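J.: Have a look at this one.
The values are calculated or read from the model by the stated rules, or taken from the named source; none is laboratory data. What you see is a predicted model, and the numbers here were worked out from it, not measured in a lab. Note: ideal-geometry Cβ built from the backbone for every residue, glycine included; neighbour counts use all protein chains shown. For the accessible areas, the whole protein counts, side chains as well, though only heavy atoms, and no ligand, DNA or RNA atoms are used. Shrake-Rupley method; radii C 1.70, N 1.55, O 1.52, S 1.80 Å.
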Amino acid sequence: MKFAFLLFWITLFIPTEMESIYSFTTQNSVSEWRIVNDGVMGGISKSSLLLTSSGHGKFAGHVSLANNGGFASIQLNKKIGLTAENKFVLLKVKGDGKQYEFRIKAKTSQNASYVHPFSTSGEWQLIKLPLAQFYPQFFGRILDSPNFNFQTIEQLSFLIANKREEDFELLIDFIGVE
């Protein structure tokens, strides 16, 4: 019995293999990412994605509520095959204390995005988001459909939409699956 208990505790601390989806480096270009703000609906929020001198993606800007706006986002189309062992999305980020959403789509042609909110602390964080907890959402409305249960991801995005006017800044080091 002691052996089983010890084995259980050891397995909790053995690092698992992370498969990198995207890493920001000074050798990368952020031009493959696309900015999608509330201007698609008449809003006037502004955002940008820049590569810092230390090789991090910097998603920053201002969310405005004017003209029925209220969100800013960045998107990357990239095909990622998932295995049965892939249970989590991993994000290494440094935020500004605000809440963001990480969104995925199994197909770029899907109307719904699968969403998982996360909070930032102002320090570098490794955030682990269970794939099974990504819920479907369309135009800000949660859909009565199953959570994410696909074998591929074709689109990734970060979004801020906290229903208030605010400046924001999110540094991104990498995105992975585990």
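J.: Size of the dipole of region 85-178 about the Cα centre, Lys and Arg at +1 and Asp and Glu at -1 on the beta carbon, nothing else charged, in debye to 20?
T.: It comes to approximately 280 debye.
J.: Hey, got the dipole for the chain? About the Cα centre, +1 on K and R Cβ, -1 on D and E Cβ, debye to the nearest 20?
T.: 220
J.: Amide H of TRP124 versus every other amide H placed in the peptide plane: which residues, excluding those fewer than 5 positions away on the same chain, fall under 5 Å?
T.: none
J.: Less than 13 Å Cβ to Cβ from ILE21, Lys/Arg counted +1 and Asp/Glu -1: what total charge do the surrounding residues give?
T.: Residues close to ILE21 contribute a combined charge of -2.
J.: Counting pairs of Cα atoms in region 89-178, how many percent are more than 21 Å apart?
T.: That fraction is 31 percent.
J.: Using only the alpha-carbon atoms of the chain as identical scatterers, what base-10 log of I(q)/I(0) does the Debye formula give at q = 0.10 Å⁻¹?
T.: For the requested q values the scattering log ratios are -0.41.
J.: For a paramagnetic label modelled at 7 Å from the Cα of VAL36 toward its Cβ, which residues of region 106-128 fall within the zone defined by backbone nitrogen distances under 13 Å?
T.: Inside the label zone: 106-115.
J.: Hey, what do the phi angles of region 163-169 turn into as Karplus ³J(HN,Hα) couplings, whole Hz, using 6.51/-1.76/1.60 and θ = phi - 60°, x for Gly and Pro?
T.: Coupling constants for region 163-169: 6, 8, 6, 6, 7, 8, 7 Hz.
J.: What Rg and what Dmax come out for region 14-89 when only alpha-carbon atoms are used, in angstroms?
T.: Reported Rg and Dmax, both Å: 16.0, 50.
J.: Separate question: If Lys and Arg each add +1 and Asp and Glu each add -1, what is the summed charge of the other residues whose beta carbon sits under 13 Å from the beta carbon of PRO117?
T.: +2
J.: Using a 1.4 Å probe on the protein chains only, how many percent of the accessible area of the chain belongs to carbon and sulfur?
T.: In the chain, the share of accessible area belonging to carbon and sulfur is 55 percent.
J.: Sequence gap of 8 or more, or different chains, plus Cα separation below 19 Å: how many lysine pairs satisfy both in the chain?
T.: The number of close lysine pairs in the chain is 21.
J.: Next question, about the same structure. Rounded to two decimals, what is the ratio between the C-alpha radius of gyration of region 43-142 and 2.2 N^0.38 Å?
T.: 1.16
J.: Rolling a 1.4 Å sphere over the protein heavy atoms, what is the accessible area per residue of the chain, to the nearest Å²?
T.: For the chain, the solvent-accessible area averages 56 Å² per residue.
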